[in-house]
Amino acid sequence: MMLLKQRQRFLSDILSKFLIVVFVGIFSSVGAFALTYEQIKECYIKSYSYEKEGNYKKAIEVLTPVYNNYPNGYTVNLRLGWLYYLWGKYANSEFHYKKALKVVPTSVEAMLGLSLPYMAEKSWSKVESLMYRLLRVDFYNYYGNLRLSLALRKEGKYSIAASVDRKMLSLYPSDVNFLLELALNLYNQGKKAYAYSIFRDILILAPDNKVANDYVKKLEKAFSVKR
């Protein structure tokens, strides 16, 4: 009986350490498992609580013990990237998202995360490059394609952006986001009648869509003037 209990404790300890590796990431120079599973869990619980309150500074501060012990950890860098983005500290956000990507270079969630500060800074060429990298991992990723289309439109690459929209609309024919992007790209290419028909279709699916409403009114006014 004693041997069985010792074995169970041993297996429980191994499992806890395994979870730390999964959720915290690779070891740092401080040494493996410098913090216990419970200590790490408590740091994250406090961080989530402060995030809900909108106190991003404190949400970051309570993760300091985790980051100090596991500076190359995937999960802690992913979370810090997100929190710094919410706080408006975009350079810090980029730094941590990039560290997460060094650990897992094919991480779709880390690439989507890194695109957030890029978009906030209107660094559209960076968004474009990053989303192409993401699509090499997950070709039909919804947000990857949507952010790529947005970046291409902002750069004036309307034809290429429209091709991305059409690709995704072949999978999601009534998706308002991609319909809107396609309509905007067509409008900017001078295909206003075609764009107008799509804007009107959007208003069937989403009657309160402000962008579609504004463009329908603008185009109807332009068409009436021409007549």
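Here are the numbers:
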| quantity | calculated |
| --- | --- |
| Filtered residues of segment 103-147 (kept if of a type in the set (A, V, I, L, M, F, W, C), more than 17 Å from LEU80 (Cα to Cα) and in contact (Cβ under 8 Å) with a residue 24 or more places away in the chain) | MET119, TRP124, VAL127, LEU134, VAL137, LEU146 |
| Answer from LYS226, LYS192 - the residue that is open to solvent by 30 Å² or more (accessible area, probe 1.4 Å) and at pLDDT below 95 | LYS226 |
| Hits in segment 33-47 (condition: within 12 Å of TYR67 (Cβ to Cβ) and either open to solvent by 50 Å² or more (accessible area, probe 1.4 Å) or out of contact with any Lys or Arg (no Cβ under 9 Å at 6 or more places or on another chain) (or both)) | ALA34, LEU35, ILE40, CYS43 |
| Of all residues in segment 61-70 being free of Cβ contacts under 8 Å to residues at least 40 places away in the same chain and open to solvent by less than 30 Å² (accessible area, probe 1.4 Å), the one that is farthest from TYR37 (Cα to Cα) | VAL62 |
| PHE10 open to solvent by 80 Å² or more (accessible area, probe 1.4 Å), part of a helix (DSSP H, G or I), modelled with pLDDT under 95 and within 29 Å of PRO105 (Cβ to Cβ) | no |
| Filtered residues of segment 208-223 (kept if modelled with pLDDT of 95 or more and exposed (fewer than 11 other Cβ atoms within 10 Å of the Cβ)) | ASP208, LYS210 |
| Residue satisfying condition, being open to solvent by 30 Å² or more (accessible area, probe 1.4 Å), polar (S, T, N, Q) and either touching a Phe, Trp or Tyr at 6+ places or on another chain (Cβ under 8 Å) or within 18 Å of MET131 (Cβ to Cβ) (or both), within set SER149, SER159, SER170 | SER159 |
| Residue check, LEU203 surrounded by fewer than 23 Cβ atoms within 10 Å (Cβ to Cβ), touching a Gly at 6+ places or on another chain (Cβ under 8 Å) and either hydrophobic (A, V, I, L, M, F, W, C) or free of Cβ contacts under 8 Å to residues at least 12 places away in the same chain (or both) | no |
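The values are calculated or read from the model by the stated rules, or taken from the named source; none is laboratory data. If you're wondering where the values come from, they're calculated on a predicted model, not measured in any experiment. Don't worry about glycine lacking a Cβ; one is built from the backbone with ideal geometry, like all the others, and counts go over all protein chains shown. With ligands, DNA and RNA removed, areas are computed over all heavy atoms of the protein, side chains included. Shrake-Rupley method; radii C 1.70, N 1.55, O 1.52, S 1.80 Å.
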